[in-house]
Amino acid sequence: MNELEFQNILKEKGIEVSEHQLQQFQKYYEILVEWNEKMNLTAITDKEDVYLKHFYDSITIAFDFDFNNQTLIDVGAGAGFPSVPLKILYPNLKITIVDSLNKRIKFLDTVIAELGITFLNHLFKELELDNCQAVAARAEEYAKDHRESVDIVMARAVARLNILDELCLPLVKKNGYFLSLKGRQAPEEVKEAKKGIQLLGGQIESTHDFTLANHDDFRSNIIIKKVKETPKKYPRMFSKIKKSPL
């Protein structure tokens, strides 16, 4: 997917991408490739593949969910997917990226700073990546001081859903959402996580299955609403979550 295809397919979905935002994605791509030579951020570095399998894939959740004026935590974001592409498109989105590896946080700090400079150079201050921070922490530890604090928690390609639910739902406000971006095993993961999601105060509102544009890569975006508070004993230590998923 080249940049024009990226812009056009999003326009067809009702998302306008300005020239300045396209410059952001270009800068993001350049930083990703540069840093990937020093550390393992992604196996995907071909430009058209990055635009399709990282940028576009991250944004597909916005076809079925409104990100305007929301607060969001991205758990285990790695190289910043899906939260940074969404932040570029929705400047008023307030995001915190939580990842356990310091070296990835350094990369994300660079992305946030560099994209901010780019916006200012173009005198589009409203597009600056403000209200955007990256934090080195494990999700279950971060939840101790940030329980039920944000509108949205997201995770993409981090762990199976029956593990992610306990890492993510405790962070979501009541009536907020946990959004999980999944691949081919999504139907199986939904079945095995259903009981735990309910126990943690969640309810599966909808799933949106599709294939990436002009490809056969299956994707499933799962929208889970937080309908009641999560019991205080969750999340447990990660070793317990992994050994005995709910």
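Brief remarks on what is shown
- Residue match in segment 90-107 (condition: outside any helix (DSSP H, G or I), at pLDDT below 95 and of a type in the set (D, E, K, R)): yes
- Enumeration of residues in segment 202-246 that are open to solvent by 50 Å² or more (accessible area, probe 1.4 Å), polar (S, T, N, Q) and part of a loop (DSSP other than H, G, I, E, B): ASN214, SER244
- Residue selected from segment 42-53 under the condition out of contact with any Gly (no Cβ under 9 Å at 6 or more places or on another chain) and under 19 Å from LYS182 (Cβ atoms), by the criterion surrounded by the most Cβ atoms within 10 Å (Cβ to Cβ): LEU52
- Any hit, segment 90-106, residues being more than 21 Å from GLU141 (Cβ to Cβ) and β-branched (Val, Ile, Thr): no
- Verdict on GLY76 being within 16 Å of PHE25 (Cβ to Cβ), under 15 Å from the mean Cα position of the chain (by Cα), modelled with pLDDT under 95 and crowded, with 21+ Cβ neighbours inside 10 Å: no
- Pairs where the first residue, in segment 173-195, is on the phi < 0 side of the Ramachandran plot and the second is open to solvent by 80 Å² or more (accessible area, probe 1.4 Å) and modelled with pLDDT of 95 or more, C-beta under 7 Å, 6+ apart: LYS174/LYS228; LYS174/GLU229
- Odd one out for MET154 among (1) free of Cβ contacts under 8 Å to residues at least 60 places away in the same chain; (2) surrounded by 23 or more Cβ atoms within 10 Å (Cβ to Cβ); (3) assigned to a strand (DSSP E or B): (1)
- Cβ-Cβ distances below 6 Å connect the following pairs, each with a first residue in segment 231-246 that is in contact (Cβ under 8 Å) with a residue 40 or more places away in the chain and closer than 17 Å to LEU161 by Cβ, a second residue that is among the small types (Gly, Ala, Ser) and part of a helix (DSSP H, G or I), and a separation of six or more residues or different chains: LEU246/GLY196.
- Checklist (1) modelled with pLDDT of 95 or more; (2) open to solvent by less than 60 Å² (accessible area, probe 1.4 Å); (3) assigned to a helix (DSSP H, G or I) applied to GLU34, failing item: (2)
- Checking GLY201 against (1) closer than 27 Å to GLY80 by Cβ; (2) at pLDDT 95 or above; (3) small (Gly, Ala, Ser), the condition it does not meet: (1)
The values are calculated or read from the model by the stated rules, or taken from the named source; none is laboratory data. Since the structure is predicted, the reported quantities are computational estimates derived from the model, not experimental observations. Reconstructed Cβ throughout: ideal geometry from the backbone, glycine too, with neighbour counts over all protein chains shown. Side chains included, ligands, DNA and RNA excluded: accessible areas come from the protein's heavy atoms. Shrake-Rupley method; radii C 1.70, N 1.55, O 1.52, S 1.80 Å.
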